[in-house]
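Notes to accompany the following structure.
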Amino acid sequence: MLASTAILPVSGETLTLEQCRRLARENNKELRMADSERQAAYWTRKSAFTNYLPKISAEGGYAFTSKPISLLNDDQKSTLGHMGDIAAGAANQLPIPLGGLLQEPLNAVGQKVIDAFDSDTRNSALIAVTLTQPVYMGGKIRAYNKIAALAEEAAGHKMDLAEQDLMVEVDETYWQIVSLESKLKLAQAYYEVVSDLDKNVDAMIREGVATKADGLSVKVKVNQANVTVIQATNGVALLKMLLCQLCGLDENSDIELVDEPMEEEIDLTADVNRPELAALENLSAIGKQKINIARSETLPNIALMGGYSWIYPSLFNGFEKKFTGLWNVGVVVKIPLVTWGDRFYKVKAAKAQSVVDELRLEETREKINLQISQSRQKVMEAQQSLDASKSAVEAADENLRFAQLGLKEGVIPVINVNEAQTAWLAAHSQLISSQIDLKLAQLHLKKALGQM
């Protein structure tokens, strides 16, 4: 899990490229969100596995009704309640009158029968504990578990991709700052050179060996050099603010960057390890499992069930006002019969979507191969450009040296020195740009190969 906070550098601390990467990993919100999504996928996989296991649940309920359930109607109750009266009337017709002896006992017996059928169900309750064990669900449980495992892998690849994108952005910003700081130093050096030339030309004008036009042309170069210094200074400040934001630092933090080696060896034939390609492979495999899930809807589902229940009032020994328990076991079988093609259509839809996933994977693989080829070509072009820039710098240095000597000897005019200085600035600036272009080309090749 990513840390939510990091130790921030003190003002003016020098940061290496690796330190910037570490700070970005620890503080970037996009990366932390990707990590949380990966954790969610992990717990989803754990949840899917529990579908293999028996589920135990408990439930209960209570109800009060305004009238109880009656198993006897009013006529039956009246008849039973007057059994003695009816028997007595019949007995009085016998030669020996027995009605008085039978009336009360039979009435009492009838009343007991009525009382026995009194359910008193106005208050009723049920408590049940049930166990359900899936036996065969058409393969959907296995498919869901495979999908959950693949989704977890995909979330991990998504996090890797987010980290690589972040590292590329951090590296690009870092090297752009290095480039602009180098150009700032170059602009300051150029400003000093043209300022010295301005002083020398002023002296030459006073001695009559240079014209005012020469002086004005040099002063234009001085002003241009000063503007370049200001622009480079502001550019460095803005880029440092961006780097601080990427690293989770206060955007106004005063940071300095370590001079890292500008050139490095990189394997142009390394294997591809792109996380987005792996994620699409997971997506394609998930599509195949979705076909299995759709097909499982056409197959029977079988589950074992068992439980224990308590009911009130008790019904197992007449109607008794107490809880009585009983256990039960059984098998539940569900077989789809007529669905009007619904499940068949779902299988067809899942197969069609799987084809889309396969084509997307193939298309992405082709685009990545093209991107790698282009990145390799850019690295080679950047290396050639760097070699050419080094040669141009050597020529510009030598040209400026001869121009300055010629000016001192009075054999080369001021305008030629101006041109030599401008060419020197352009050559050195191009060298810095070529070095950074090569570094960024190597960076993007590593990103294309998935080696960040």
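The values are calculated or read from the model by the stated rules, or taken from the named source; none is laboratory data. The shown structure was predicted, so the numbers you read here are calculated from the model rather than taken from an experiment. Positions of Cβ are backbone-derived with ideal geometry, glycine not excepted, and every protein chain shown enters the neighbour counts. For the accessible areas, the whole protein counts, side chains as well, though only heavy atoms, and no ligand, DNA or RNA atoms are used. Shrake-Rupley method; radii C 1.70, N 1.55, O 1.52, S 1.80 Å.
Here are a few things to note about the model shown:
- Boolean, Gln289 is open to solvent by 80 Å² or more (accessible area, probe 1.4 Å) and assigned to a helix (DSSP H, G or I): no
- Flag for Ser389 being over 24 Å from Lys219 (Cβ atoms), in contact with a His (Cβ under 6 Å, 6 or more places away or on another chain) and either part of a helix (DSSP H, G or I) or among the acidic types (Asp, Glu) (or both): no
- The set of residues in the stretch 292-325 being of a type in the set (D, E, K, R) and either over 42 Å from the mean Cα position of the chain (by Cα) or surrounded by fewer than 15 Cβ atoms within 10 Å (Cβ to Cβ) (or both) consists of Glu320, Lys321, Lys322.
- Between Gln383, Gln404, Gln371, Gln353, the distinction of being of a type in the set (S, T, N, Q), without any contact (Cβ under 8 Å) to a residue 40 or more places away in the chain and assigned to a helix (DSSP H, G or I) belongs to Gln404 only.
- For beta carbons closer than 6 Å, sequence separation of 6+ or different chains, a first residue in the stretch 143-170 that is more than 22 Å from Gln289 (Cβ to Cβ) and a second that is polar (S, T, N, Q), the qualifying pairs are Leu166/Asn28.
- Scanning the stretch 204-228 for residues being charged (D, E, K, R) and touching a Phe, Trp or Tyr at 6+ places or on another chain (Cβ under 8 Å) gives a total of 0.
- The single condition among (1) farther than 30 Å from Glu163 by Cα; (2) open to solvent by less than 60 Å² (accessible area, probe 1.4 Å); (3) β-branched (Val, Ile, Thr); (4) touching a residue at least 60 places away in the same chain (Cβ under 8 Å) that Ile415 does not meet is (2).
- So Leu23, is it in contact with a Lys or Arg (Cβ under 7 Å, 6 or more places away or on another chain), crowded, with 16+ Cβ neighbours inside 10 Å and modelled with pLDDT under 95: no
- Figure legend. Inter-residue proximity from the stretch 1-25: first residues within 13 Å of Lys240 (Cβ to Cβ) and of a type in the set (Asp, Glu), second residues at pLDDT 60 or above and assigned to a loop (DSSP other than H, G, I, E, B), beta-carbon distance below 8 Å, spacing 6+ or different chains. Indicated pairs: Glu13/Ile255.
- The sole residue among Glu362, Glu419 that is part of a helix (DSSP H, G or I) and modelled with pLDDT of 90 or more is Glu362.
- Single match in Ala108, Ala58, Ala41 (criterion: assigned to a helix (DSSP H, G or I) and modelled with pLDDT of 80 or more): Ala41
- Any hit, the stretch 426-434, residues being assigned to a helix (DSSP H, G or I) and within 32 Å of the chain's Cα centre (by Cα): no
Conditions tested, residue by residue: (1) assigned to a loop (DSSP other than H, G, I, E, B); (2) aromatic (Phe, Trp, Tyr); (3) within 20 Å of Leu440 (Cβ to Cβ).
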site	(1), (2), (3)
Met167	no, no, yes
Val170	no, no, yes
Ile177	no, no, yes
Asp198	no, no, no
Asp202	no, no, no
Asp214	no, no, no
Glu251	yes, no, no
Asp271	yes, no, no
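- Single condition Leu197 does not satisfy, out of (1) hydrophobic (A, V, I, L, M, F, W, C); (2) within 23 Å of Leu400 (Cα to Cα); (3) at pLDDT 90 or above: (3)
- Residue in the stretch 280-319 that is modelled with the lowest pLDDT, counting only those that are of a type in the set (Val, Ile, Thr) and within 17 Å of Val347 (Cα to Cα): Thr298
For (1) surrounded by fewer than 17 Cβ atoms within 10 Å (Cβ to Cβ); (2) of a type in the set (Asp, Glu), each residue gets a yes or a no:
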{"site": "Glu358", "(1), (2)": "yes, yes"}
{"site": "Ser375", "(1), (2)": "no, no"}
{"site": "Glu381", "(1), (2)": "yes, yes"}
{"site": "Ser391", "(1), (2)": "yes, no"}
{"site": "Ala395", "(1), (2)": "yes, no"}
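- Looking across the stretch 20-71, the residues that are among the charged types (D, E, K, R) and touching a Leu at 6+ places or on another chain (Cβ under 6 Å) come down to Arg32, Asp35.
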